[in-house]
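One structure is given here, and the rest of the page talks about it.
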Amino acid sequence: MSEKRVIIAIDGPAGSGKSTLAKRVAERLGFIYINTGAMYRAVALWALQLGVGLTDMHRLEQLAKEAGIELTRDGRVLLNGEDVTDAIREPHVSDAASQVSAVPGVRRALLGVQRGLAEQNSVVMEGRDIGSVVFPDAQVKIFLDADPAERARRRALELQDDAIAVEGDLRQRDERDRGRAEAPLVQAPDAELVDTTGLSPEEVEEVILRIVRARTSNGKGAKRHDEQGAVRAD
Ligand code: DC
């Protein structure tokens, strides 16, 4: 049987359950999990550390090109060799990442990296524009969404913060991500919409695996990851 690379694109707004589900589905299928939001976050963190203005498009593009971003198999994120897994989750970095991700040059730089990561492997890649821009020909496209109050509640639980405060931040970020000119958050026409409101991760996982089976004839012949250590993005 010939080996075939399978790409599962999972897009959706913050708090829709993308990371949890993309990780679970990748584990179940033996595919590599790639969180593209972590890449935008890493570039944003670097810009903040260096004091680069979030409107300085030229410098931001340069940073995106030069950043050594590594996503390890155990879910850590390294920026130029330093573990930034926790630092990139800080609320001020979330906000900066949303701003940085609207810069066309930054998107261009990371797009090449993201496509490269899936060249040799079957992947579950999550983000905002995976099914619409990064892999318009992905075999499986899922758009996850959930009621805004539930998304805020989930994010607040993660951050151990107040849901009302988090909802305001989330709404602002959503509006920016949906409204930007370059690769806005949008459901691709051929993506399956999965509303995760009120569903457990187990239930959503089953729905996604059913879609994957339907679109890949059971995933047979899919190329699994090749057991090489980290996925490098530099
Ligand atoms: O998924 P996340 O919340 O970690 O993403 C952080 C920011 O990066 C988010 O505001 C939107 C942006 N992003 C993007 O524009 N495109 C992607 N493919 C992934 C994330």
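The values are calculated or read from the model by the stated rules, or taken from the named source; none is laboratory data. Just so we're clear, the structure is a prediction, and the values are computed from it rather than from any experiment. Here the Cβ is made from the backbone with ideal geometry for all residues, glycine too, and neighbour counts use every protein chain on show. Ligands, DNA and RNA are stripped out before the accessible areas are found, and what is left, the full protein with its side chains, is counted by its heavy atoms. Shrake-Rupley method; radii C 1.70, N 1.55, O 1.52, S 1.80 Å.
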Looking at Ile142 and the list (1) modelled with pLDDT of 95 or more; (2) touching a His at 6+ places or on another chain (Cβ under 7 Å), which single condition is not satisfied?
(2)
Of the criteria (1) away from the ligand (no atom under 15 Å from the Cβ); (2) assigned to a helix (DSSP H, G or I); (3) surrounded by fewer than 18 Cβ atoms within 10 Å (Cβ to Cβ), which one Gln120 fails
(2)
Taking Gly53 and the conditions (1) over 29 Å from Ala163 (Cβ atoms); (2) in a helix (DSSP H, G or I); (3) open to solvent by less than 40 Å² (accessible area, probe 1.4 Å), which numbered condition does it fall short on, given that it satisfies the others?
(2)
Hey, Gly37 hits all of (1) within 19 Å of Arg180 (Cβ to Cβ); (2) part of a loop (DSSP other than H, G, I, E, B); (3) open to solvent by less than 40 Å² (accessible area, probe 1.4 Å) but one; which does it fall short on?
(2)
Hey, any hits in region 25-33 for a residue that's open to solvent by 10 Å² or more (accessible area, probe 1.4 Å), among the basic types (Lys, Arg) and within 17 Å of the chain's Cα centre (by Cα)?
no
Condition (residue is within 12 Å of the ligand (Cβ to nearest atom) and among the hydroxyl-bearing types (Ser, Thr, Tyr)) applied to region 50-61: is it met by at least one residue?
no
So in region 166-191, with the set limited to residues that are in contact with a Leu (Cβ under 8 Å, 6 or more places away or on another chain) and open to solvent by 50 Å² or more (accessible area, probe 1.4 Å), which one is nearest to Val134 (Cα to Cα)?
Gln187
Any residue at all in region 87-106 that's part of a helix (DSSP H, G or I), open to solvent by 10 Å² or more (accessible area, probe 1.4 Å), more than 9 Å from the ligand (Cβ to nearest atom) and in contact with an Asp or Glu (Cβ under 6 Å, 6 or more places away or on another chain)?
yes
Considering only residues of region 129-165 that are more than 18 Å from Val194 (Cβ to Cβ) and open to solvent by less than 10 Å² (accessible area, probe 1.4 Å), which is nearest to the ligand (Cβ to nearest atom)?
Val134
